[in-house]
Every structure is written in structure tokens, then in C-alpha cells.
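The values are calculated or read from the model by the stated rules, or taken from the named source; none is laboratory data. Predicted, not measured: the structure shown is a model, and the values here were computed from it. Cβ atoms come from the backbone with ideal geometry, glycine included; neighbour counts cover every protein chain shown.
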Amino acid sequence: MEPPPVGTLVLGVGSLLRGDDAAGVLAVQRLQARPDLPPGVTVIDGGTAGLGLIPLLPGYRRVVLVDAVPMGLAPGAIWRFTWAEARLIPHDRALSLHQTDLTDALVLADALGMLPPEVVIFGVQPGHLDWDRPLSQAVERALPELIEALLNELRSEESNGAENPCD
């Protein structure tokens with residue numbers, strides 16, 4: 001009999017080489033440096049691992065993904081949604097800039113019974129995805145708000161998805 005899942009995994013994904021695609025990775029790097037992380041929280045830079053993320057998921061009660069997500073909003077906008085909500089997005093719309101990798105990883109993890117009971121995604125609307133360019137000013141300005149939203153999420157024991165802490 002396996003022990004019940006515990007703790008929270010915060011997983012930032014993206015590429016540091018593609019402008020605003022770095023938002024998730026930079027957010028978790030900054031979060032790792034915070035001395036006020038709640039106990040039971042593990043923070044990992046998942047980079048562009050795609051299906052390689054699956055072995056990281058089992059054993060956690062909750063996973064919080066952070067990534068650049070094209071949502072048709074103003075650059076730097078932050079939106080929180082759950083995996084259940086993301087599965088309702090038509091396949092012609094991207095869940096992430098890593099649509100194939102991240103979505104396939106979550107679908108496969110779910111099918112294999114390796115997906116934590118709770119999956120929350122924090123998406124950041126990118127402004128540009130140019131190679132070898134820094135973050136846009138809008139996404140850079142949004143990072144402190146994103147870190148605070150993540151910390152609020154991590155401090156919350158009851159995440160029901162009905163509210164969006166990023167409004």
C-alpha cells in the first residue's frame with residue numbers, strides 16, 4: 001500500500017532562450033530564494049523537459065505549474081486555472097507554449113495514475129518569444145505579482161479554483 005500523497009510541487013517550465021517563455025523558470029528560481037516558503041513545498045525548474053516531467057509528479061498532493069500561456073490577454077497578465085479547466089480548452093487553443101510537451105505529459109501522467117489529486121496552473125501572457133532576448137518589460141513587471149500569487153496559493157489549504165487571485 002502506497003502512502004498518501006503529501007506536500008506541494010511547484011514546477012516552472014519554459015526556455016530561458018525565448019524571451020517571455022522564461023517567465024515560469026524565472027518565477028520558480030525567484031521563489032526558491034524566498035525564505036518564507038511554507039513547509040512541505042518543493043520548487044523545481046522543469047525547463048523544457050516535457051514528458052520528462054512525469055516522474056517528478058507522483059507522491060505530491062498538489063502540483064502548481066508556472067508557464068507562459070498564450071491567452072489573448074495583455075502581455076504580463078497572470079491567470080490561475082486548474083487542470084480540470086485546462087482539459088476543457090479545445091485542442092486548437094494552446095494550454096502552454098509547450099502545448100505538445102506539457103499537455104501530453106499531463107494527459108499521460110493522468111492516464112498512468114501519476115498525476116497528483118490537485119493540479120493548478122499559473123499562466124503568464126507572453127509579449128514576445130524572440131530567441132536570445134530578455135523578458136519583455138510587461139512580463140518583468142508581472143513577476144513580483146506572480147511570486148505573491150504563488151505564495152498565496154501555497155499558503156492556501158483550500159484551493160477551489162472558483163476565484164482567480166490574479167485579478
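Quick check: is even one residue across the stretch 90-97 closer than 30 Å to residue 6 by Cβ and either touching a His at 6+ places or on another chain (Cβ under 6 Å) or modelled with pLDDT under 90 (or both)? Yes, the stretch 90-97 contains a residue that is closer than 30 Å to residue 6 by Cβ and either touching a His at 6+ places or on another chain (Cβ under 6 Å) or modelled with pLDDT under 90 (or both).
Cβ-Cβ below 6 Å, separation at least six or inter-chain, first residue in the stretch 143-157 and over 16 Å from residue 42 (Cα atoms), second surrounded by 13 or more Cβ atoms within 10 Å (Cβ to Cβ): which pairs? Between residues of the stretch 143-157 that are over 16 Å from residue 42 (Cα atoms) and residues that are surrounded by 13 or more Cβ atoms within 10 Å (Cβ to Cβ), the close pairs are 146/27; 146/78; 149/165; 149/166.
Got at least one residue in the stretch 14-24 being over 12 Å from the mean Cα position of the chain (by Cα), among the basic types (Lys, Arg) and under 16 Å from residue 69 (Cβ atoms)? For the stretch 14-24, residues over 12 Å from the mean Cα position of the chain (by Cα), among the basic types (Lys, Arg) and under 16 Å from residue 69 (Cβ atoms): present. Tell me, please, whether a residue that is surrounded by fewer than 21 Cβ atoms within 10 Å (Cβ to Cβ), more than 17 Å from residue 57 (Cα to Cα), in contact with a Pro (Cβ under 9 Å, 6 or more places away or on another chain) and at pLDDT 95 or above can be found in the stretch 9-28. No: zero hits. Listed by first and then second residue, the pairs with beta-carbon distance under 8 Å, at least 6 apart or on different chains, first residue in the stretch 53-68 and at negative phi, second buried (at least 21 other Cβ atoms within 10 Å of the Cβ) and aromatic (Phe, Trp, Tyr), are 64/122; 65/122; 66/122; 67/122.
Cβ-Cβ contacts under 9 Å between residues 6 or more apart (or on different chains), taken from a first residue in the stretch 110-134 that is free of Cβ contacts under 8 Å to residues at least 40 places away in the same chain and surrounded by fewer than 21 Cβ atoms within 10 Å (Cβ to Cβ) to a second residue that is outside any strand (DSSP E or B) and among the hydrophobic types (A, V, I, L, M, F, W, C), are listed as 110/83.
One residue stands out in the stretch 13-39 among those that are outside any helix (DSSP H, G or I) and of a type in the set (Gly, Ala, Ser): the one that is farthest from residue 129 (Cα to Cα), namely 33. The set of residues from the stretch 6-21 being touching a residue at least 60 places away in the same chain (Cβ under 8 Å) and under 18 Å from residue 153 (Cα atoms) comprises 8, 9, 10, 13. Please indicate, with yes or no, whether at least one residue in the stretch 154-163 is modelled with pLDDT of 90 or more and either acidic (Asp, Glu) or out of contact with any Cys (no Cβ under 8 Å at 6 or more places or on another chain) (or both). Checked the stretch 154-163: at least one residue is modelled with pLDDT of 90 or more and either acidic (Asp, Glu) or out of contact with any Cys (no Cβ under 8 Å at 6 or more places or on another chain) (or both). For beta carbons closer than 7 Å, sequence separation of 6+ or different chains, a first residue in the stretch 22-46 that is in contact (Cβ under 8 Å) with a residue 24 or more places away in the chain and among the charged types (D, E, K, R) and a second that is surrounded by 14 or more Cβ atoms within 10 Å (Cβ to Cβ) and outside any helix (DSSP H, G or I), the qualifying pairs are 45/12.
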